[in-house]
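As structure tokens, the structure follows; a few thoughts come after it.
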Amino acid sequence: MVYGARKFYEMAVNLALSVKLNDPDRPITLLFKNGDSSPDDLAIYFDRCLPIPNADTYPGATIKLGVYEPSPYDENFYVDADCLIMKRDMDRHWSKYGVQDFAISGDKKTSGTAFGCDVLEMMSAADVDYMIDANCGIVFFRKGEHAEKVFVDARTYMADRDPALIELRPRRGDGVSDQPYFSAAMAKSKIEPISYTANEGTIMATTWRAKDIEFDISSNQSRLKKPIGFRVLNRFWAKGWVQHETSIAHFIELKPQSLYQSQSDWLRDHFNVPRFQFD
């Protein structure tokens with residue numbers, strides 16, 4: 001799902017190419033704002049290009065709350081456009097997620113912080129027993145009443161605009177985040193998050209606060225080290241590091257940019273697609 005500058009559509013092309021490389025039997029749909037139109041020269045890389053109805057009613061990244069209705073598929077993985085499928089093992093994730101009608105990976109929390117918000121305040125605002133600390137760069141849903149309820153509840157929480165559930169992202173330029181709303185809606189429906197062990201190989205890891213990043217889509221190499229927690233302000237002085245093998249690399253803010261660019265160049269050369277410079 002993309003909107004805005006040309007580079008975001010080019011990122012979606014890279015994601016589509018990585019799907020064609022490592023999960024080639026899956027159809028791919030590009031969703032875009034209903035006031036926009038996908039560039040004609042890029043539409044060929046997708047099976048369908050469809051508008052998101054009422055997209056302008058969603059501030060910032062909460063536009064993700066509108067992907068349920070336009071999706072043409074019974075079973076879906078929504079994936080952020082700044083991701084790349086690095087490994088050819090997505091079948092195991094489809095199976096793992098497919099045991100429930102809506103799924104996001106993460107951890108249940110009843111204290112501390114999540115998304116930069118106080119968990120107890122979030123629980124009180126949402127009237128739930130826990131929150132789920134998750135990165136919603138990947139969302140699985142199966143069309144039906146259970147998944148639809150999660151989207152409806154998430155949009156209701158967004159419309160209520162309770163400050164306890166508002167995660168602001170001024171650094172990333174996309175305003176309000178969808179993550180607290182999905183988290184609250186999952187908790188309201190008593191949905192458990194999907195979990196992975198470090199040696200199992202997770203579905204997605206972000207480059208945010210990671211180190212020793214070793215990504216090479218040409219050889220299915222995809223590992224990095226992530227902190228297990230921080231001692232100061234939940235962002236400084238890591239308590240330790242765990243190495244992850246990840247099927248999907250999530251390049252937050254397209255960083256490290258040189259690494260993302262090299263993966264983009266390889267993918268586009270491999271599929272004979274014109275290169276694009278991400279500056």
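The sole residue among SER222, SER262 that is among the hydroxyl-bearing types (Ser, Thr, Tyr), free of Cβ contacts under 8 Å to residues at least 60 places away in the same chain, more than 19 Å from PHE8 (Cβ to Cβ) and surrounded by 13 or more Cβ atoms within 10 Å (Cβ to Cβ) is SER262. Please work out which residue is farthest from SER222 (Cα to Cα), limiting yourself to segment 18-33 and to residues that are in a helix (DSSP H, G or I) and over 17 Å from the mean Cα position of the chain (by Cα). Among those that are in a helix (DSSP H, G or I) and over 17 Å from the mean Cα position of the chain (by Cα), it is LYS20. Candidates LYS108, LYS143, LYS96: the one that is out of contact with any strand residue (DSSP E or B) (no Cβ under 7 Å at 6 or more places or on another chain), surrounded by 16 or more Cβ atoms within 10 Å (Cβ to Cβ) and of a type outside the set (Phe, Trp, Tyr) is LYS143.
Examine segment 255-263 for a residue that is assigned to a strand (DSSP E or B) and modelled with pLDDT of 95 or more, and state whether such a residue exists. Scanning segment 255-263 turns up no residue that is assigned to a strand (DSSP E or B) and modelled with pLDDT of 95 or more.
Taken across segment 145-162, residues that are in a strand (DSSP E or B), modelled with pLDDT under 95 and aliphatic (A, V, I, L, M) do not occur at all. Only one entry of TYR68, TYR73, TYR78 meets the criterion of being over 19 Å from VAL273 (Cβ atoms), in a loop (DSSP other than H, G, I, E, B) and in contact with a helix residue (DSSP H, G or I) (Cβ under 9 Å, 6 or more places away or on another chain), and that entry is TYR68.
The values are calculated or read from the model by the stated rules, or taken from the named source; none is laboratory data. Just so we're clear, the structure is a prediction, and the values are computed from it rather than from any experiment. Positions of Cβ are generated from backbone atoms using ideal geometry, with glycine treated the same way; all protein chains shown enter the neighbour counts.
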